[in-house]
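Just so it is clear, none of the values below were taken in a lab; they were calculated from the coordinates. This is a predicted model, so every value here is computed, not measured. Counting neighbours? That spans all protein chains shown, and the Cβs are built from the backbone with ideal geometry, glycine included.
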Amino acid sequence: MSIHPSILECRSVGKVYSAQVRGAGTLGILRGFVRRQVREHVALANIDLAVAPGEIVGLIGANGAGKTTLVKCLTGIIPASSGRCELFGHDAFALTRADKRRLSLVMGQRSQLWWDIPAIDSFRLLREIYQVDAARFERRVREQAERLDVTDRLQVQLRQLSLGERMKMEIIGAFLHDPEVVFLDEPTIGLDLLSQETIRTFLREVNRERRTTVILTSHDMADIEETCDRLVILEAGRILFDGDLVGLRRRFVGRRAVEVHLEANSRPWSAELDGELERFGAVLVREAPRALTFEVDAEHCQPFIQHLFDLFQVRDLAVERQPLENLIREIFRTGELVEAS
Amino acid sequence: MSRARALAASLPEELHLLPYVAAYEWRKATAFRAGFVLNALLRGVPRPVVMTLVYLAMFRSTGAAEIRGYTFVDLVHFLVWTAAIQKCIPDWRSLDLAEQIFDGYVTKYLVMPVSYFTLLWGRFLQFTAVQLLAAAAFWCAGALVLHSWWPQPVSAVALAQAATLLALGTGCYLLTYFILNCLAFWLDVVWSLLNMFMFVAAFMSGMLVPVALMPRAVRGVLEVTFPYWTVNAPVELLLGRLGPADFRFGLAVLATSFVALHGLAFVTWRRGLRRYAGVGT
Amino acid sequence: MSANAFVQHLRIAGQYARIGVIRKSQFRVEFWSQVVMDCCWYASHVAVFEVLYAHVDDIAGWNREQFRVLLGFLFVSDAFMMVWLGQMWRFWRDLKDGKLDSFRVRPGATLFLYGFQQFSVEGCVNMAVAMTYLAYGIGRACEHVTLGLVLVTLIAVAVSWWVRTILVTFYGLVDLWLLGSDAGQFVNEAIHAVADRPADVFGARVRTFLLYILPVGALTQVPAGMVLGRYTPLGAVVAVGWLGMLGVGMFAAWNRGFRRYESAMG
Ligand SMILES: Nc1ncnc2c1ncn2[C@@H]1O[C@H](COP(=O)(O)OP(=O)(O)O)[C@@H](O)[C@H]1O
Ligand SMILES: [Mg+2]
């Protein structure tokens, strides 16, 4: 990783927001009116990060962890309060137009296309902004729309599209000018599984074909697990883990949570069944009168589930990936912070 | 009939809620301090300052001592009173109902155990209380700095009469905004309608130029409209140019307008909500 | 700004205009109500000054005919705001809501990309009305309409548009500094109060300030003065050059002020 010059670099970056606090009650309001109290909120602290060209990095963290703030600092939307953010070797807050032409940003929660016109008209505007030549523009729109399966929706007003289609349009818009770095802030939030999958596939393909660097944030582990090579975990404004996803998956991510709901006539859970769990390396993490949750390694998941059917009268069963909170807890437990450095 | 009785029964409760609503609105209004000070205290001041200079230039050029019975000092006094009164007239931007209708937030009023009108008048009370303070502060500051140049009400009676007209008149303004906002149930052009009303009303009320300077026929027409009785007439009362008979006539015009507008507001709101719920957004 | 960037921005403006037209083919009542709204605004101004000039012939050295030219420039510059800069009315709210994020990452002037995005077709109708009034005013005020006069008028119109852009930028700057307040409303009121009257009603110092430093008065009085021959050719060139530089400075200040932009919670 270190042989490549980085395309993007953060050196002890911090971001502090100041928010005003207001007292409760009429008196508090009056007091606040005379002298405003400002409370500083540390959104990012001491972030060190370097990304090489062609990497596809997943930035994960709970809501409020600072993912969006980091993306905004990196794209020069807001200045960092301390430290230095560099993109293409320049201060991210003072990017030149030529630099800006090399990057792109997609925000899951905020549309960047025009709401009341068809997506294709927004793309024409982007074409002028990014000075893409006409032939290439037509080709890219057609090609990307086919890949994302929205060719027949290009002429429809954006507000009449479904959330998934809209997000796909945002992504087409972001990739029109062939950017070198693309930031995607929670692009799959609220989408159905099929759209999520299409978008992930698209990102992987573009990354492979054009060596586009992708920075993807999410609070959903599935996004990262299926798209990225490298994982950065953000927790309360700090980097908790930064490293190779493959290694991490082997240790933690490969765990599954299995939740079973039992019929009324099923045998209940009892302590003598512990032995049955050991065979699969599973642990019981939650027990309710008629619902049990186990954790088990991904590779033992299938035989374990079959065995559950032998043991109980199962009414319903759900398998989930390790939720993020568990993963973070696990990382804390094993003391494996910031692997990369 | 029974609806009227139910309404009367809920009235004490609604009145009880009024101060709370007003306090809540105050909270919202003071959330941004710089904007609050600028808007509440300085709103309506720049124009009279410029107009004073315009009048000065006018008197310089004619050399006459008075225009339509107004000396330069009278016109300045007119401007000062207009500025003070203008502060008390609600700004249409303070009622964001149309946006709430567009964005579909109105459903929340459908489930609230309080009539929207209570919220409306709560907001009105808060606004009027703050703006009266602002107007009074403005007047006192002026009196301190410019003592003899600064206008005094001709009598306590005139002051009371002017205040009465103003209170009723501002209510009429608010109701008009409300009705125009309610049109958002049907149209998406509310913003421009409100602006249009403001432009026309500003002229009709004598806020831009005293009605006395306008052609006499115009004055005759304006005398049956509420903007005139909300701004121009109270100012003339304070200057001692109108008497008790004028006051009684104005009171009648305003009271009629108020009742009519209130009825219209009620009907529009009811119809609008029904249409809204019917569409099922 | 390089020639390439200039052409790029012109083409973007073209796309914005196209989007404005596409949008407008979709609602119709709104169209006329906005046209009528602005005409009401024009009418109230004309009415006020017709009332004042019913009593005097001259206000601060401007007679009725000359005053119409002044008002004409006020309307023309206002129509420019309507046509191109409508989004700036929402600037303070968009600042609070963090809606400038996406413009910040685009390779173009942020202020331009944001401010000019709402092209309004109804504004074009208002522009036609305003231009007609201006032409009428100039026709009444000037004895002979020569080619030179037409040329000067065109330049003067451009000046009033330019000054309007400077003022709108200033107005955005105030919003950036008083971030999160709606002080813009008051600043706007102050600007309008001054702009509708000739800056000559003020004393010499204030007048210079309003014409050349915070050019609120320049919105109307400089272009009207140019058309009415109140400037020598050299004086006009100097005034225009100065206002040009002032604008560039204002845009630079805006870009610096943007450091205060905090975006919003995402
Ligand atoms: N504009 C802002 N002003 C004040 N605080 C903010 C602002 N934006 C974000 N924050 C705070 O900073 C923290 C990080 O926010 P954010 O980066 O949006 O988190 P994430 O994207 O990971 O959910 C949160 O606690 C949030 O409340
Ligand atoms: Mg976020």
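Shielding by partners for B:201-214, please: the mean number of other protein chain Cβ atoms within 10 Å of each residue's Cβ.
Average neighbour count from other chains, rounded to a whole number: 3.
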Fully extended contour minus Cα-Cα distance, from C:R140 to C:N255, at 0.36 nm per residue: 37.1 nm
Roughly what angle does helix C:3-24 make with the longest principal axis of chain C, taking Cα atoms, 0 to 90 degrees, to the nearest 10? 90
Taking r as the C-beta separation of A:E209 and A:D152 and R0 as 25 Å, the FRET efficiency to the nearest 0.05 is 0.55
Could you derive backbone 3J(HN,Hα) for the stretch C:36-41 from the dihedral phi with the Karplus parameters 6.51, -1.76 and 1.60 (θ = phi - 60°), listing whole Hz in sequence and x where the residue is Gly or Pro? 4, 4, 5, 5, 4, 5
Summed side-chain charge close to C:F49 - residues other than C:F49 whose Cβ falls under 12 Å, Lys, Arg +1, Asp, Glu -1: 0
What's the FRET efficiency of A:A264 with A:R84 using the Cβ-Cβ distance as r and R₀ = 41 Å, to the nearest 0.05? 0.05
I'd like the distance between the alpha-carbon centres of the stretch A:54-73 and the stretch A:140-191, rounded to an integer number of Å. 21
Relative to the compact-globule estimate 2.2 N^0.38 Å (N residues), the Cα gyration radius of chain C stands at a ratio of 1.03
Which FRET efficiency value, to the nearest 0.05, do you get for A:D310 and A:A271 by plugging their Cβ-Cβ distance into 1/(1 + (r/R0)^6) with R0 = 25 Å? 0.85
Measure off 7 Å from each Cα along the Cα-to-Cβ vector at A:L194 and B:V224, then give the distance between these two points in nanometres to one decimal. 6.6
Rounded tilt (10° steps) of B:33-42 against the dominant C-alpha axis of chain B: 50
With a 25 Å threshold on alpha-carbon distance, the violating pairs from A:K72/C:K96; B:K108/C:K24; A:K100/C:K99 are B:K108/C:K24
Counting other C-beta atoms within 10 Å, which of B:R47, A:R315 has the fewest, and how do the rest follow? A:R315, B:R47
Let me have the 222 nm mean residue ellipticity of chain A computed from DSSP H runs of 4+ only, each contributing -39500 (n - 2.57), with the sum over all residues rounded to the nearest 500. -10500 deg cm²/dmol
Test of understanding: ordering C:D200, B:D103 by Cβ neighbours within 10 Å, fewest first, what list do you get? B:D103, C:D200
Helix C:147-177: angle to the longest alpha-carbon principal axis of chain C, degrees 0 to 90, nearest 10? 40
What distance in nm lies between label points placed 7 Å from Cα along the C-beta direction at B:A260 and B:R274? 2.3
In what order do A:E209, A:E143, C:E122, A:E86 fall by count of nearby beta-carbon atoms within 10 Å, going from fewest to most? A:E209, A:E143, A:E86, C:E122
Can you grab the distance from the C-alpha centre of the stretch A:220-297 to the C-alpha centre of the stretch C:95-137, Å, no decimals? 54
Just round it to a whole percent: the fraction of Cα-Cα distances in the stretch A:254-319 exceeding 17 Å. 31
Is there a simple number for the mean count of other chain Cβ atoms within 10 Å of the Cβ of residues in A:184-195, and what is it? 0
If you take every residue apart from B:N181 with its C-beta less than 10 Å away from the C-beta of B:N181, what net charge results, scoring Lys and Arg +1 and Asp and Glu -1? -2
What is the spin-label model distance, in nm, from C:V46 to C:V21 if the labels are put 7 Å beyond Cα along the C-beta direction? 2.9
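Using Cα pairs under 8 angstrom and six or more residues apart, how large is the relative contact order of the stretch C:3-259, in percent?
25
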Springs between alpha-carbon pairs under 10 angstrom, Gaussian network model over chain A: which of A:E55, A:E263, A:E225 fluctuates most? A:E263
Cα principal axis extents for the stretch B:2-275, largest first, Å: 65, 42, 37
Convert each backbone phi in the stretch B:132-144 into a coupling constant with the Karplus relation 6.51 cos²θ - 1.76 cosθ + 1.60 (shift: θ = phi - 60°), then list the ³J(HN,Hα) values in order as whole Hz, x for Gly and Pro. 4, 4, 4, 5, 5, 4, 4, 5, 4, 4, x, 5, 5
